[in-house]
Amino acid sequence: MAIERVAVLGSGSWGTAFAKVIADSGPEVVLWARRQEVASEITETRVNSGYLPGISLPANLTATSDPAKALDGADAVVLAVPSQTLRVNLSGWKDLLPPDATLVSLSKGVELGTLKRMSEVIREVACVDESQVAVVSGPNLAKEIAVEQPTATVIACTDHDRAVDLQHACSNSYFRPYTNTDVVGCELGGACKNVIALACGMAAGMGYGDNTMASIITRGLAETARLGAALGADPLTFAGLAGLGDLVATCASPLSRNRSFGERLGRGETLAQAQEAAHGQVAEGVKSCSSIRELANAHGVDMPITEGIHQVCHDGLSVRDLGAALLGRNRKHERQ
């Protein structure tokens, strides 16, 4: 089914950047913003100055603060809200969703309490089959995409034809999407990389260099893959764009909110000070580390970096003590 009209619900950096990607690929896009002043600015000036200042948005991208208007006639609905608010937001929108629209998750996390992945939350709240839900994951830093720097991504859906339809709807000269049917693996890669990026940021804040970063990234990928194996993901997914690709970008770039947040903690700032420096925004990994930790424990999966990040963010462990604890763990074979 050709996708000609897309609703993007969420006008933050990634929601706006992905809306631009789709519009640059041809379809008509309506971006929903919570605040009317943001919607008006986008429609009237072609700019979202609060999240992507200086970026000119295409003429076939308009905005509204009315979700019914955004969703009317949409062939695909892109959900671009934080993972821990997805359920409550979608609950308010579910009666407005076009019946056969493909529901696309940009959110990366595991829900606190239920331990559900975002696609599972969407299926439960919207009462749709898994074949109607897709996820987007890859090395996709919003600001780089907004200025049209080349990148690739993965569109995962158990219905391969839907994934291909979405692939056509967001393919352009700077954005190259690949398809995959491993929704579980793509979502876990996207959720866990935020936690590992916090660890890399902490190491950078303490003044450590590339050896340390490479070690954290590699061991972080190993524990992500262990969790994926326990939940039935394809191991090859973690060597791809939604695994290693997303992990490297998020762990290495100063544009990554999780990396930057972790760096402040590594320099000795408290969680509250880091949040204040981030203009009141909390990095996704700060919350997701707890739900991912619980999910791992429920499946008997060892995730020491995730456990340590949880202890730093929520149990008062110092960043320096976390480093000592990780280095002092029992020695083992690399594949354990």
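The values are calculated or read from the model by the stated rules, or taken from the named source; none is laboratory data. Quick caveat: nothing in here was measured; it's all calculated off a predicted structure. Positions of Cβ are backbone-derived with ideal geometry, glycine not excepted, and every protein chain shown enters the neighbour counts. Remember, those area values only see protein heavy atoms, side chains included, never the ligands or the DNA or RNA. Shrake-Rupley method; radii C 1.70, N 1.55, O 1.52, S 1.80 Å.
In summary, helices (runs of 4 or more DSSP H) completely within the range 273-329 and bearing 3 or more residues that are open to solvent by 60 Å² or more (accessible area, probe 1.4 Å), on the phi < 0 side of the Ramachandran plot and not small (Gly, Ala, Ser) occur at 284-298, 319-327.
Reported count of residues in the range 137-153, each being open to solvent by less than 10 Å² (accessible area, probe 1.4 Å) and either outside the structural domain of LYS20 (by the TED database) or small (Gly, Ala, Ser) (or both), is 3.
Any residue at all in the range 20-28 that's small (Gly, Ala, Ser), touching a Phe, Trp or Tyr at 6+ places or on another chain (Cβ under 6 Å) and either under 21 Å from ASP95 (Cβ atoms) or in the same structural domain as GLU148 (by the TED database) (or both)? Steps first, please.
Looking only at the range 20-28, we keep the residues that are small (Gly, Ala, Ser), and these are 23, 25-26.
Narrowing further to those that are touching a Phe, Trp or Tyr at 6+ places or on another chain (Cβ under 6 Å): none.
Within the range 20-28, not a single residue is small (Gly, Ala, Ser), touching a Phe, Trp or Tyr at 6+ places or on another chain (Cβ under 6 Å) and either under 21 Å from ASP95 (Cβ atoms) or in the same structural domain as GLU148 (by the TED database) (or both).
Of all residues in the range 188-217, those that are farther than 23 Å from GLU269 by Cα have Cβ atoms under 7 Å from Cβ atoms of residues that are open to solvent by less than 10 Å² (accessible area, probe 1.4 Å) and of a type in the set (Asp, Glu), 6 or more apart or on another chain, in GLY189/ASP246; GLY190/ASP246. Screening VAL248 on (1) crowded, with 23+ Cβ neighbours inside 10 Å; (2) in contact with a Pro (Cβ under 8 Å, 6 or more places away or on another chain) shows it passes everything except condition (1). Whether a residue is over 24 Å from HIS333 (Cα atoms), within 20 Å of the chain's Cα centre (by Cα) and in a helix (DSSP H, G or I) was assessed, and ALA225 does not pass this test. Quick check: anything in the range 127-136 under 19 Å from THR16 (Cα atoms), among the β-branched types (Val, Ile, Thr), open to solvent by less than 30 Å² (accessible area, probe 1.4 Å) and assigned to a helix (DSSP H, G or I)? No, because not a single residue in the range 127-136 is under 19 Å from THR16 (Cα atoms), among the β-branched types (Val, Ile, Thr), open to solvent by less than 30 Å² (accessible area, probe 1.4 Å) and assigned to a helix (DSSP H, G or I). Among residues of the range 250-264 that are assigned by the TED database to the domain that holds HIS314 and at positive phi, none has a beta-carbon under 9 Å from a residue that is part of a helix (DSSP H, G or I) and open to solvent by less than 50 Å² (accessible area, probe 1.4 Å) at least six positions away or on a different chain.
The set of residues from the range 74-89 being in contact (Cβ under 8 Å) with a residue 40 or more places away in the chain and touching an Asp or Glu at 6+ places or on another chain (Cβ under 9 Å) comprises ASP75, ALA76, PRO82, SER83, GLN84.
What about ASP161, is it in a helix (DSSP H, G or I), open to solvent by 20 Å² or more (accessible area, probe 1.4 Å) and of a type in the set (D, E, K, R)?
Considered against the rule, which asks whether it is in a helix (DSSP H, G or I), open to solvent by 20 Å² or more (accessible area, probe 1.4 Å) and of a type in the set (D, E, K, R), ASP161 comes out as yes.
Close Cβ contacts (under 7 Å, 6 or more residues apart or on different chains) running from residues in the range 90-101 that are farther than 11 Å from VAL77 by Cβ to residues that are assigned to a helix (DSSP H, G or I) and open to solvent by less than 60 Å² (accessible area, probe 1.4 Å) comprise SER91/VAL125.
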